[in-house]
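So the structure is just underneath, and the comments pick up after that.
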Amino acid sequence: MTTLTQTDLVHGFHTLGLSARDTVFVHSSLSAFGHVEGGAETVVRSLLHVLGPDGTLSVPIFNRYFAEGPNQVWDRHQTPSLMGRITETVRTWPGAYRSAHAVHPVAAVGALAQDIADRDHETDFDEHSTFQRLFDHDAWILLIGVTYQNCTHIHVAEERLEV
């Protein structure tokens, strides 16, 4: 099995077209990489390196809020992401901002993180939502080892079209 390093990942993200000052929303599967030296932390460091200090990395940090009954407690800062190791690593990254919506929260790190995460919206995908704000910032949608069926942004279109 090939082991990927931070250098390999940085090169790969540059090859995809990511660069400094970009904003990116990542759906991911760490296992899809094969073996990464340093695991999820290396993937996050690589993305942040490519994006630079003026870029922004964001990820879904969804959980099972509401799915486990009426007595479940959700804590914006403590409830872990169930969307994989990469998302949980971003959620706990120093300086990460987390959106306030319990069902579809997002974590973001970087220049636009607070602007993306601190949205006052009624529904997860409305015109004031975190997801719309990513569109407003012309964010990349990066799917790493997952299919388009995992792309949360499709729900923004569904809400606009009242599907």
Practice item. Would you check which residues across segment 1-33 are farther than 14 Å from Ile86 by Cβ and not polar (S, T, N, Q) and list them? Key: Met1, Asp8, Val10, His11, Gly12, His14, Leu16, Gly17, Leu18, Ala20, Arg21, Asp22
Exercise for review: Tell me, please, whether a residue that is outside any helix (DSSP H, G or I), at pLDDT 75 or above and under 24 Å from Leu30 (Cα atoms) can be found in segment 116-133.
Suggested key: no
**Study point:** Qualifying residues in segment 22-55 (those that are in a loop (DSSP other than H, G, I, E, B) and closer than 17 Å to Ile141 by Cβ) - the one modelled with the lowest pLDDT
**Key:** Ser29
Check your understanding: Going by the conditions given, is Ser29 open to solvent by 40 Å² or more (accessible area, probe 1.4 Å) and at negative phi?
Key -> no
Check your understanding: Being open to solvent by 50 Å² or more (accessible area, probe 1.4 Å), among the charged types (D, E, K, R) and either under 20 Å from His27 (Cα atoms) or part of a loop (DSSP other than H, G, I, E, B) (or both), is that true of even one residue in segment 136-150?
Key -> yes
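Looking at segment 115-124, can you tell me whether even one residue there is surrounded by fewer than 16 Cβ atoms within 10 Å (Cβ to Cβ), under 22 Å from Val44 (Cβ atoms) and of a type outside the set (A, V, I, L, M)?
Kept after step one, since they are surrounded by fewer than 16 Cβ atoms within 10 Å (Cβ to Cβ), are these residues of segment 115-124: 118, 120, 122-123.
Retained after the next criterion (residues that are under 22 Å from Val44 (Cβ atoms)): 118.
Checking the rest, the ones that are also of a type outside the set (A, V, I, L, M) come to 118.
Yes; the residues of segment 115-124 include at least one that is surrounded by fewer than 16 Cβ atoms within 10 Å (Cβ to Cβ), under 22 Å from Val44 (Cβ atoms) and of a type outside the set (A, V, I, L, M).
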Revision key, fill the gap. The condition of being closer than 18 Å to Cys151 by Cα and modelled with pLDDT under 95 holds, among Ser81, Ser58, only for Ser81
**Study point:** Where a residue in segment 20-32 is free of Cβ contacts under 8 Å to residues at least 40 places away in the same chain and its partner, wherever it lies, is of a type in the set (A, V, I, L, M), with Cβ under 7 Å and at least six apart
**Key:** Ala20/Leu51
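The values are calculated or read from the model by the stated rules, or taken from the named source; none is laboratory data. Keep in mind the model is a prediction, meaning the values are calculated, not measured. Cβ: placed from backbone, ideal geometry, glycine included. Neighbour counts: every protein chain shown. When the accessible area is computed, the model is the full protein with side chains, heavy atoms only, and any ligands, DNA or RNA have been set aside. Shrake-Rupley method; radii C 1.70, N 1.55, O 1.52, S 1.80 Å.
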